[in-house]
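See below for the structure under consideration.
The values are calculated or read from the model by the stated rules, or taken from the named source; none is laboratory data. Just so you know, these numbers come straight off a predicted model, no measurement behind them. Backbone-built Cβ (ideal geometry, glycine too); neighbour counts: all protein chains shown. Accessible surface areas use protein heavy atoms only, side chains included; no ligands, DNA or RNA. Shrake-Rupley method; radii C 1.70, N 1.55, O 1.52, S 1.80 Å.
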Amino acid sequence: MNKQQSRLMLGNEAVAQGLWEAGCRFVSSYPGTPSTEITEYAAEYDGLYAEWAPNEKVAVEAAIGASLAGARAFSGMKHVGLNVAADPVFTASYTGVNAGLVIAVADDPGMHSSQNEQDSRHYARAAKLPMLEPSDSAECLSFVGEAFRLSEEYDTPVLLRLSTRVSHSQSAVTLSERAALKRKPYEKNPGKYVMVPAAARARHVFVEQRQQTLRAFADTTPLNTVEWHDRRIGVIASGIAYQTAKEALGDSASYLKLGLVHPLPETLIRTFAAGVDALYVVEELDDYIESHCRALGIPVSGKDLFSLLGEYTAQQVRAKLLSKEELPAADMADCPVRPPVLCPGCPHRGLFHVLNKMKLTVTGDIGCYTLAAAPPLGAMDLCVCMGASVSSLHGFIKARPEMADRTVAVIGDSTFLHSGITGLINIVYNQSPGTVLILDNSITGMTGHQQNPSTGLTLQNKPAPKLDIAAVCSAVGVRRVRMLDPHDLVALETALKEELAALEPSVIVARRPCVLLPTVKKDYRNTINVQACKGCKACMRIGCPAIRADGDHLEVDWSLCVGCGLCARLCRFGAMHMEGGDKA
């Protein structure tokens, strides 16, 4: 590879390139937008082993093991995934590393694809780990190499904080050759790596000493840079907020750009603050940098001007700091509302139609099927985090046993393997008469069709042992396990009535592949016989975007319809029929 070769790259793609260039050997992650593509791109490089783990905790623990064995290792996840991985992350701060260990966490300001808007910088402070935050694709690449260097020099895992805009935007990067690194030798050292209390107490002393050393480093590292322009305004920013501020203000302000966001510098901030007339912090989400400045006794403006919510725009920053009138937002009053919906032909649609019809209380989970909470399906009462549907069902039934025969949990196949199994064990062990529906669409759907242990393929699409979900449920003690096709609405309703009446733990595996999988045939379409149609709109109750109404006139949009036949099953007048191929 030409060392000066340049390319446009997504931030996530650049992270993967950085892993390869830095000599990383091992990658283990769990898919989660906006971090997913890092690991998908990493899997394309020779000499870099990459895998999907069942969840983020397992992924980080695997990466810790690879680091201990002497190989540079990486794990990537979205911000809520770091919650799952927090247990090993906090203790790995004590053990330190052998070979370098980098953990990327992608935050989601604005909640484009997430259930909360947490700020992962707090994890760096709480776990006492250095955190780097790139602002574009070039820094995504270079910061990975720097993170591995810091990891090995300071004996610490290093966090790499991304955000949706950095992960999913493109900018130019310069490519380099892969570092020729040998594995570090492994030496047995229980005092460093076995965190029994006596060893952990000694390692805590090391962690605090490391923190002091890193604080001094923060004042001198080129990761933190000052750009002097007009000194009437000084802006401290990092990550995408730096790019937003630069776009808004240009040379009308000076900038302290922070690439190392934990620990934060002290002398550098004081020097910069003394060199400007007015100091501002532009940071999305929490007042993390601003609070640090205030703790240093430095007058600063930040969240008194900007929101704690969502993303910022250059217009907003310009309006606040230059007193320029913000341009009016586009008038959206006449634009039709387009809420996210399940895809035409989605195997989950019929199931949620039946749950709605039966007026069941539904504890839900993270996945495509969360969209069924919206009308007209309206069949979800709770959604908290991965795996919570099963555990919440148990608590709900224990608190309201009289509702056990009309309350169910729904969870996807990948999510069940991520963190639903332990909830099911709890149901069995503590004897809740809960009915759990596992929606097996044969892929990890929400994040873009990643393989998982039940699909029979690895990240590289190589054959792998295929975990039998029904057998797992039986193995943990569920005596009533049945499988069915969720498009068979009659069988589904019958099964639900029987399992809810049984008043003992039960599982229904509703198995039908995601309609977007290339192996699913879609060479047929539904059509409406207008003479037979009575305009009852029963077919509209499933919320399929391929069916539209103009008054009492109904029609099927053939550009969307995949011929699943679900609407035909709901039509009592035989007005729906298939054209162009065999029935699903």
Subject >> Hey, Val476 more than 23 Å from the chain's Cα centre (by Cα), farther than 25 Å from Lys359 by Cβ and touching a residue at least 60 places away in the same chain (Cβ under 8 Å) or not >> reply: no
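Looking only at region 235-253, count how many residues are under 19 Å from Ala218 (Cβ atoms) and among the small types (Gly, Ala, Ser). It would help to see each step written out before you state the result.
From region 235-253, those under 19 Å from Ala218 (Cβ atoms) are 235-239, 241-242; that's our starting set.
From what's left, among the small types (Gly, Ala, Ser): 237-239, 241.
So the answer is 4.
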Original post:
Taking the condition modelled with pLDDT under 90 and within 18 Å of Met358 (Cα to Cα), does Leu570 pass?
Top reply: yes
**OP:** Report yes if Tyr45 is of a type in the set (Ser, Thr, Tyr), in contact with a helix residue (DSSP H, G or I) (Cβ under 7 Å, 6 or more places away or on another chain) and more than 25 Å from Thr415 (Cα to Cα), otherwise no.
**Re:** yes
**OP:** Taking only region 270-322 into account, find how many residues are more than 25 Å from Asp219 (Cα to Cα), of a type in the set (D, E, K, R) and touching a Leu at 6+ places or on another chain (Cβ under 7 Å).
**Re:** 2
Original post:
Does Leu279 count as free of Cβ contacts under 8 Å to residues at least 60 places away in the same chain and in a helix (DSSP H, G or I)?
Top reply: no
**OP:** Within region 51-91, count every residue that is within 17 Å of the chain's Cα centre (by Cα), open to solvent by 40 Å² or more (accessible area, probe 1.4 Å) and without any contact (Cβ under 8 Å) to a residue 40 or more places away in the chain.
**Re:** 2
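Report yes if some residue within region 427-444 is assigned to a helix (DSSP H, G or I), out of contact with any helix residue (DSSP H, G or I) (no Cβ under 6 Å at 6 or more places or on another chain), open to solvent by less than 30 Å² (accessible area, probe 1.4 Å) and not hydrophobic (A, V, I, L, M, F, W, C); otherwise report no. Walk me through it before giving the result.
Pass one, region 427-444, residues assigned to a helix (DSSP H, G or I): 427-429.
Narrowing further to those that are out of contact with any helix residue (DSSP H, G or I) (no Cβ under 6 Å at 6 or more places or on another chain): 428-429.
Subset that is open to solvent by less than 30 Å² (accessible area, probe 1.4 Å): none.
Scanning region 427-444, I find no residue that is assigned to a helix (DSSP H, G or I), out of contact with any helix residue (DSSP H, G or I) (no Cβ under 6 Å at 6 or more places or on another chain), open to solvent by less than 30 Å² (accessible area, probe 1.4 Å) and not hydrophobic (A, V, I, L, M, F, W, C), so the answer is no.
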**OP:** Go over the candidates Ala501, Ala546 one by one and state the one that is surrounded by fewer than 20 Cβ atoms within 10 Å (Cβ to Cβ) and at pLDDT 90 or above.
**Re:** Ala501
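If I go through region 260-285 residue by residue, how many of them are β-branched (Val, Ile, Thr) and open to solvent by 30 Å² or more (accessible area, probe 1.4 Å)? Spell out how you get there, then give the answer.
Step one: of region 260-285, the residues β-branched (Val, Ile, Thr) are 261, 267, 269, 271, 276, 281-282.
Of the ones still in play, those that are also open to solvent by 30 Å² or more (accessible area, probe 1.4 Å) are 267, 271.
Adding up the residues that qualify gives 2.
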**OP:** Identify, from the list Val478, Val490, Val509, Val556, the residue that is among the β-branched types (Val, Ile, Thr), more than 17 Å from Val410 (Cα to Cα) and surrounded by 15 or more Cβ atoms within 10 Å (Cβ to Cβ).
**Re:** Val556
Subject >> Residue count for region 8-40, restricted to those that are part of a helix (DSSP H, G or I) and either farther than 16 Å from Ala138 by Cβ or open to solvent by less than 10 Å² (accessible area, probe 1.4 Å) (or both) >> reply: 13
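Looking only at region 385-426, filter to residues that are hydroxyl-bearing (Ser, Thr, Tyr) and open to solvent by less than 20 Å² (accessible area, probe 1.4 Å); which one of those is nearest to Lys497 (Cα to Cα)? Break it down stepwise before answering.
Here is the first cut: in region 385-426, the ones hydroxyl-bearing (Ser, Thr, Tyr) are 389, 391-392, 407, 414-415, 419, 422.
With the extra rule that they be open to solvent by less than 20 Å² (accessible area, probe 1.4 Å), the set shrinks to 389, 407, 414-415.
Details: Ser389: 20, Thr407: 11, Ser414: 26, Thr415: 25 Å.
That would be Thr407.
So, Ile469, is that one open to solvent by less than 10 Å² (accessible area, probe 1.4 Å), under 27 Å from the mean Cα position of the chain (by Cα), farther than 19 Å from Val362 by Cα and touching a residue at least 24 places away in the same chain (Cβ under 8 Å) or not? Steps first, please.
Details: open to solvent by less than 10 Å² (accessible area, probe 1.4 Å): yes; under 27 Å from the mean Cα position of the chain (by Cα): yes; farther than 19 Å from Val362 by Cα: yes; touching a residue at least 24 places away in the same chain (Cβ under 8 Å): yes.
Here the answer is yes, as Ile469 does meet what is asked.
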Original post:
Quick check: is even one residue across region 261-269 without any contact (Cβ under 8 Å) to a residue 12 or more places away in the chain and under 30 Å from Glu146 (Cβ atoms)?
Top reply: no
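Can you pull out the strands (runs of 3 or more DSSP E) entirely within region 157-241 that have at least 3 residues that are open to solvent by 20 Å² or more (accessible area, probe 1.4 Å)?
On the way: elements: 158-163, 170-174, 224-227, 233-237.
So the answer is 170-174, 224-227.
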Subject >> region 188-209 residues that are among the acidic types (Asp, Glu), paired with ones that are surrounded by 11 or more Cβ atoms within 10 Å (Cβ to Cβ) (beta carbon under 9 Å, 6 or more apart) >> reply: Glu208/Lys128
**OP:** Residue by residue through region 454-507, note down the ones that are in contact with a strand residue (DSSP E or B) (Cβ under 8 Å, 6 or more places away or on another chain), over 19 Å from Ala404 (Cα atoms) and hydrophobic (A, V, I, L, M, F, W, C).
**Re:** Leu457, Leu459, Ala464, Ile469, Ala470, Cys473, Met483, Leu484, Ala491
Original post:
Of the numbered conditions (1) in contact with an Asp or Glu (Cβ under 6 Å, 6 or more places away or on another chain); (2) within 22 Å of Phe206 (Cβ to Cβ); (3) not acidic (Asp, Glu), Val84 satisfies every one except a single condition; which is it?
Top reply: (2)
Subject >> Ala538 vs. criteria at pLDDT below 95 and within 25 Å of Met446 (Cβ to Cβ) >> reply: no
**OP:** Working only within region 351-384, note down all residues that are open to solvent by less than 40 Å² (accessible area, probe 1.4 Å), farther than 18 Å from Val436 by Cβ and assigned to a helix (DSSP H, G or I).
**Re:** His353
Original post:
Can you tell me which of Arg338, Arg400 is among the basic types (Lys, Arg), free of Cβ contacts under 8 Å to residues at least 40 places away in the same chain and under 26 Å from Asn116 (Cα atoms)?
Top reply: Arg338
